[in-house]
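Worksheet: one structure, shown below.
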Amino acid sequence: MKMSSKTQKMELNDGHHIPVLGFGTYVTEEHLKKKSMDSTKIAIDVGFRHIDCAHMYQNEKEVGQAIQSKIEDGTVKREDIFCTSKLWSTSHRPELVRPSLESSLRKLNLDYIDLYLIHFPVPLKAMEKCKDAGLTKSIGVSNFNCRQLEMILNKPGLKYKPVCNQVECHPYLNQSKLLEYCKMNDIILVAYGALGTQRYKYCVNEDTPFLLDDPVLCAMAEKYKRTPALIALRYQLQRGIVVLAKSFNEERIRENMQVFDFQLTSDHMKILDGLNRNLRYFPGYLFNTHPSFPFFDEY
């Protein structure tokens, strides 16, 4: 894997490049879909070029409108934007893969997706056909552990190795073993939930600690004159992880781009490594349509 500090991109194992900082577009029913459009426009304006979407978020139309508006006003060209979408578990029959991808393309108003992710390997051949047809440039996986990655890598007739594995990852769940396995196999780890969560009522209870209130993280933020969020994001980048950041707040969206303006020392990286407590903000039951559920404990 190669990373360019000038372009802030990493090379995928199929030769394409992924921006190391992505903008997450997940939205709950607590938020209006309009916020997805407005926040995505702001993200592109301040410099985000990696937009992470999914069919299950039910806002690809709004995100697509934001991308198109920024193309039309000359802020970006289509090739400047790296757009990810995902095939949800209920559509993992081979005959549904291409129609699901084409549905996302219509909603996003795009001719191709830069990266398409699956949650388990049943429709792998169908995914490969989508890549061959030019509907997606790269294919990857999400929420896979080492054993499941190994199943794919050893699959007879495998045409394209997954370029990435998108999983929950943050200082309280640093995924060190999974990261090591991915690096050994030239698969990039992409971190969602990198700042903890926004206290989604179906994910956490009142006793769940706030990642960004962690005293170690806060003390380090004060030392670097940054926010705890920036320390958490920078930590991932220096580990060779592509990190997704989500916010509806314009000030925070702008702030997240400052992650490239400083660097953590190796001693401070080790201290942050020590924060790991294998705490998940997104519980396993959210993914219980996965055929090998439960599987999170094997990361």
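The values are calculated or read from the model by the stated rules, or taken from the named source; none is laboratory data. Bear in mind the structure is a predicted one, so any value in this text is a computation, not a measurement. Virtual Cβ from ideal backbone geometry, glycine too; neighbours counted across all protein chains shown. Note: areas computed on protein heavy atoms with side chains; ligands, DNA, RNA excluded. Shrake-Rupley method; radii C 1.70, N 1.55, O 1.52, S 1.80 Å.
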Worksheet entry | Qualifying residues in region 146-182 (those that are closer than 30 Å to PHE210 by Cβ and among the charged types (D, E, K, R)) - the one surrounded by the most Cβ atoms within 10 Å (Cβ to Cβ) | GLU168
Discussion item. When you scan region 16-32, do you find a residue that is under 21 Å from TYR160 (Cβ atoms), polar (S, T, N, Q) and not in a helix (DSSP H, G or I), even just one?
Written reply: no
Fill in: Check on ILE51, in contact with a Phe, Trp or Tyr (Cβ under 8 Å, 6 or more places away or on another chain), outside any loop (DSSP other than H, G, I, E, B) and among the hydrophobic types (A, V, I, L, M, F, W, C)
yes
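Yes/no matrix, rows are residues, columns are (1) in contact with a Pro (Cβ under 6 Å, 6 or more places away or on another chain); (2) under 18 Å from ASP52 (Cα atoms); (3) not β-branched (Val, Ile, Thr):
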{"residue": "ALA191", "(1), (2), (3)": "no, yes, yes"}
{"residue": "ALA194", "(1), (2), (3)": "no, yes, yes"}
{"residue": "VAL216", "(1), (2), (3)": "no, no, no"}
{"residue": "THR227", "(1), (2), (3)": "no, no, no"}
{"residue": "ILE231", "(1), (2), (3)": "no, no, no"}
{"residue": "GLU251", "(1), (2), (3)": "no, no, yes"}
{"residue": "GLN258", "(1), (2), (3)": "no, no, yes"}
Worksheet, complete the sentence: The correct count of residues that are part of a helix (DSSP H, G or I), open to solvent by less than 50 Å² (accessible area, probe 1.4 Å) and touching a Lys or Arg at 6+ places or on another chain (Cβ under 7 Å) in region 54-70 is 6
Practice prompt. Identify all residues within region 246-255 that are modelled with pLDDT under 95 and either under 17 Å from the mean Cα position of the chain (by Cα) or open to solvent by less than 10 Å² (accessible area, probe 1.4 Å) (or both); write none if there are none.
Written response: LYS246, SER247, PHE248
Discussion item. Taking the criterion of being in contact (Cβ under 8 Å) with a residue 40 or more places away in the chain, within 11 Å of THR84 (Cα to Cα) and either crowded, with 21+ Cβ neighbours inside 10 Å or of a type outside the set (Val, Ile, Thr) (or both), would at least one residue in region 118-132 satisfy it?
Written reply: no
Discussion item. Taking the condition of being outside any helix (DSSP H, G or I) and open to solvent by 30 Å² or more (accessible area, probe 1.4 Å), how many residues in region 207-237 meet it?
Written reply: 6
Response to the item:
ASP38: passes all of (1) out of contact with any helix residue (DSSP H, G or I) (no Cβ under 8 Å at 6 or more places or on another chain); (2) open to solvent by 10 Å² or more (accessible area, probe 1.4 Å) but (1)
Worksheet item: Name the pairs: first residue in region 64-83 and without any contact (Cβ under 8 Å) to a residue 60 or more places away in the chain, second residue among the acidic types (Asp, Glu), Cβ to Cβ under 9 Å, at least 6 apart or on different chains?
Response: ALA66/ASP38; LYS70/ASP45; ILE71/ASP80; THR75/ASP45; ARG78/ASP111; ILE81/ASP114; CYS83/ASP52; CYS83/ASP114
Worksheet, complete the sentence: Of those in region 256-286 that are within 29 Å of ALA66 (Cα to Cα) and outside any helix (DSSP H, G or I), the residue least open to solvent (accessible area, probe 1.4 Å) is TYR281
Worksheet item: Of the residues TYR112, TYR172, which single one is of a type in the set (Ser, Thr, Tyr) and under 27 Å from LEU233 (Cα atoms)?
Response: TYR172
